[in-house]
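Everything below concerns the one structure shown next.
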Amino acid sequence: MIWQDTTITGTNTYRVIQGQAQVILSVTRNVSSTAGGTQRSDTTTTVNYTYDGNGVLSGATGDVRGTSGSQVFNDANRNNVVDAGEMIWQDTTITGTNTYRVIQGQAQVILSVTRNVSSTAGGTQRSDTTTTVNYTYDGNGVLSGATGDVRGTSGSQVFNDANRNNVVDAGR
Ligand SMILES: [Ca+2]
Ligand SMILES: [Ca+2]
C-alpha cells in the first residue's frame, strides 16, 4: 500500500443576494499522484449555483473535466517479462456532467454521467466508457441509494502471426 497524494485548490465566486453573500460558482481542482509515479490524475470540478428572488438556492449544474493516467505493461517482445520501456502510460481524458436537485436547501447530485476515453502511449490499447450513476435521497436530504451502469468499448492490438514465423511482421 502506497500513498496517493492529492493537492486540492479551489475558488468560490460569490454574489450578494438579499444582503447575503451566496456562492454562485465553485471551481475545485484535484491533482494527485502515487508515490511511485505509476498513477496520476488532474481533474477540475465546476458547480454553478442559481438562487431565486429571495436569495434561496434554486438549482445547480456542474461538470468534471480532466485527465488521468496509469502505467500499464506492454509486453512488446512477448517474453512475459517486464523489460526496459515496457511500462507505458495509459492516458485517460475525463469529461462528465453532474445534475443537481435542491433538497432541504442543499444542492445534491442526482445524476452523474462521466465519460473516460483512454489510450496507451504506443496506441496498442484504447477504451471509451461512459459511467452513469443515479442518486436518491430521503426526505432529510440524506443519500439513500444509488444505481448506475457502464457502457463502452475497448480494444487492444494483438499478435496475429499469419505467416507463423514467430516474428511481428508489418501489418500483423
Ligand atoms: Ca517483455
Ligand atoms: Ca510473422
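Every number here is computed from the coordinates shown, using simple stated rules; none is lab data. These numbers come from a predicted model, not from an experiment. When we count neighbours, we look across all protein chains shown, and the Cβ atoms used for this are built from the backbone with ideal geometry, even at glycine.
Compactness of the stretch 56-151, taken as the C-alpha radius of gyration over 2.2 N^0.38 Å, stands at 1.55. What the phi angles of the stretch 30-41 give under the Karplus curve with 6.51, -1.76 and 1.60, with θ = phi - 60°, is a coupling list of 10, 10, 9, 7, 7, 4, x, x, 8, 9, 8, 8 Hz, glycine and proline written as x. Between the stretch 62-86 and the stretch 103-130, the alpha-carbon centres lie 19 Å apart. Among the trypsin sites (Lys or Arg not before Pro) in the stretch 1-60, none is located in a DSSP loop while being surrounded by at most 10 other Cβ atoms within 10 Å of its own Cβ. Considering only alpha-carbon pairs that sit under 8 angstrom and 6 or more positions apart, the relative contact order computed for the stretch 94-172 is 22 percent.
Between THR34 and VAL142, take the C-beta separation as r, use R0 = 35 Å, and let me know the FRET efficiency to the nearest 0.05.
Plugging the Cβ-Cβ distance into 1/(1 + (r/R0)^6) gives 0.60.
Largest GNM mean-square fluctuation among SER33, SER118, SER144, using the chain with Cα springs under 10 Å: SER144.
For the chain, the gyration tensor built on C-alpha atoms gives a prolate shape. Its axis ratio a/c (a ≥ b ≥ c) is at least 1.5, and a/b is the larger of a/b and b/c. Relative contact order of the stretch 15-155: 15 percent, from C-alpha pairs under 8 Å at least 6 residues apart in sequence. With a Förster radius of 22 Å applied to the C-beta separation of SER154 and THR93, the computed FRET efficiency comes to 0.90.
Modelled spin labels at GLN108 and ALA76, positioned 7 Å past Cα toward Cβ, are 5.2 nm from each other.
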